[in-house]
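The structure appears right after this line, and notes come after that.
The values are calculated or read from the model by the stated rules, or taken from the named source; none is laboratory data. No experiment lies behind these values; they were computed from the predicted model shown. Cβ atoms come from the backbone with ideal geometry, glycine included; neighbour counts cover every protein chain shown. Note: areas computed on protein heavy atoms with side chains; ligands, DNA, RNA excluded. Shrake-Rupley method; radii C 1.70, N 1.55, O 1.52, S 1.80 Å.
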There are 2 protein chains.
Amino acid sequence: MPKETPEEKRRRFLETAKASISNAYATEEHAIIQAIDAYNEAEKVRNILYERLEEWYSMYFPEARINNQSTYSKMVIAIGSDKKKATEEQLKALLGDKAKAVKEQIGRSIGREPNPDEYSAIRMVAEESESLFRLQDGLDAYLQKSVKKIMPNISYLIDYKIAAELLAKAGSMQRLATMPASTIQLLGAEKALFKHVKFGTKAPKYGVLFKLPQISNANRRVRGRLARLYATKISIASRADGMSKRFIADKLKVQLDKAAQKIYKIK
Amino acid sequence: MPKETPEEKRRRFLETAKASISNAYATEEHAIIQAIDAYNEAEKVRNILYERLEEWYSMYFPEARINNQSTYSKMVIAIGSDKKKATEEQLKALLGDKAKAVKEQIGRSIGREPNPDEYSAIRMVAEESESLFRLQDGLDAYLQKSVKKIMPNISYLIDYKIAAELLAKAGSMQRLATMPASTIQLLGAEKALFKHVKFGTKAPKYGVLFKLPQISNANRRVRGRLARLYATKISIASRADGMSKRFIADKLKVQLDKAAQKIYKIK
């Protein structure tokens, strides 16, 4: 075999480096991590724009009492630039049952009408807010499909978005699959854990897992135990998802539910 | 005149209160304040989503070197789910002159192709980013038109968006029109001013006005003097916009430019 020149060697190393970078992002798990982060950011961003919309539009229609963000945006779009002219039928098309109440509120409103330029400006903000809802829905649909594919076991036990967050906090399936249950239990509680170690504050009992309604809705005294239980089963499921690639979650789920029922009974 | 019953009195007071609330938002200046805040928030929000887009898409196409946010989003949309299949013509339609360079980068890319689900998810993020650009453009157009209408004098002297920010910081035309020049000079520097008073840090020289390129691009030593000059002329213009409603800005502008020229010459 002829000896490699330094130039050839350099090129070979570069190729290896490129290939390893390429491999590092070769699996869809990294897209899931990006998608759950994008989903959470879209939520934050939507809230910023929605608060602006509500503050702005309450100048024209301060009486509106609508608690649902999407319904509110739809109302701004449905009402048009002269709210007195909006018919109940027009309102009904977008607002459904709410139309009648809104029409009555319009009747006794003390807000002035926006001029056409103002209205088209605020309408754009309402439409952007709606568009961000659609973005979230789209990312949600992607997450549901991809998480079930990449993490069939974990997502059989817990909500797919929470599974995606665990993956994002761990950084990769490889890392999640090799984590002890105690680490999984505290994923997302890194700050609190650090404070505990450094300043002796109370030790955290859960991080991301607190988002599970099965834990957050439970009695305060058993939440820690539940988090521990879930973390244990998730860590077994993550080995199956990340290494053996076998589906074992049906059996795990039976064990999990049984053990959880016992914990719920503790007074 | 018959005596008012307590119930009539209560109703009369309520009507007065309603009318005064209604009056407080009767003028378009409040829409301008909302619009400039919405514009700045849209910018912040767009940056959050854009950073996500870039981080995510660099998984598939790490070689892309595009400094313009809008061009980058357009590229993600133009390339489609299989970048090797994107023709130079397709790219040209959205990217113009950049198409050739992008096509070459695609040829030697080490990034994998996204699967169709991944691509449609990331494409939604790119489209949202584009949509936020359009929102900003729309709000910008509204601001240009309305600021020129409500603040013809101030916006003759300085950029309309900066005029809108001064109005937003002041809270109303009424308040802006009665502010001394020294207050206008420091609008938007409230925090720094507070620190100065409380902790004896350096006194701020400008707030919002620093956004004027005529000030920020000037020699560091004369910026304070320029801010003072601009604030003085703006305070005169704001009286004309808020009270006398006469157009005097053409004369003011001549004085302003002449005085500014003198300051620029200071070494």
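Brief remarks on what is shown
- Residues of region B:129-180 satisfying the condition of being open to solvent by less than 30 Å² (accessible area, probe 1.4 Å), away from chain A (no Cβ under 14 Å) and touching a Phe, Trp or Tyr at 6+ places or on another chain (Cβ under 9 Å): B:151, B:153, B:154, B:157, B:158
- Among the residues of region B:238-259, those that are open to solvent by less than 20 Å² (accessible area, probe 1.4 Å) and either aromatic (Phe, Trp, Tyr) or touching a Pro at 6+ places or on another chain (Cβ under 9 Å) (or both) comprise B:240, B:241, B:249.
- Cβ pairs under 8 Å, 6+ apart, first in region B:88-115 and within 14 Å of chain A (Cβ to nearest Cβ), second open to solvent by 60 Å² or more (accessible area, probe 1.4 Å) and of a type in the set (Phe, Trp, Tyr): B:111/A:25; B:112/A:25
- Residue in region A:186-204 that is under 25 Å from residue A:152 (Cα atoms), over 23 Å from the mean Cα position of the chain (by Cα) and without any contact (Cβ under 8 Å) to a residue 60 or more places away in the chain present: no
- Residue list for region A:15-52, filter: at the interface with chain B (Cβ under 8 Å from one of its Cβ atoms) and touching a residue at least 40 places away in the same chain (Cβ under 8 Å): A:28, A:30, A:31, A:35, A:37, A:38, A:42, A:45, A:49, A:52
- Filter pass, residue B:211 being of a type in the set (Lys, Arg) and either buried (at least 21 other Cβ atoms within 10 Å of the Cβ) or in contact (Cβ under 8 Å) with a residue 40 or more places away in the chain (or both): yes
- Test for residue B:228: is it part of a helix (DSSP H, G or I), at pLDDT 95 or above and closer than 24 Å to residue B:34 by Cα: no
- Residues that are over 22 Å from residue A:25 (Cβ atoms) and at pLDDT 95 or above do not occur anywhere in region A:164-178.
- Restricting B:17, B:42, B:26, B:35 to those that are open to solvent by less than 50 Å² (accessible area, probe 1.4 Å), within 30 Å of residue B:174 (Cα to Cα) and outside any helix (DSSP H, G or I) reduces the list to B:26.
- Residue in region B:58-81 that is without any contact (Cβ under 8 Å) to a residue 12 or more places away in the chain, at the interface with chain A (Cβ under 9 Å from one of its Cβ atoms) and of a type outside the set (Lys, Arg) present: no
- Number of the exception - residue A:221 against (1) in the same structural domain as residue A:247 (by TED's automatic domain parsing); (2) at pLDDT 95 or above: (2)
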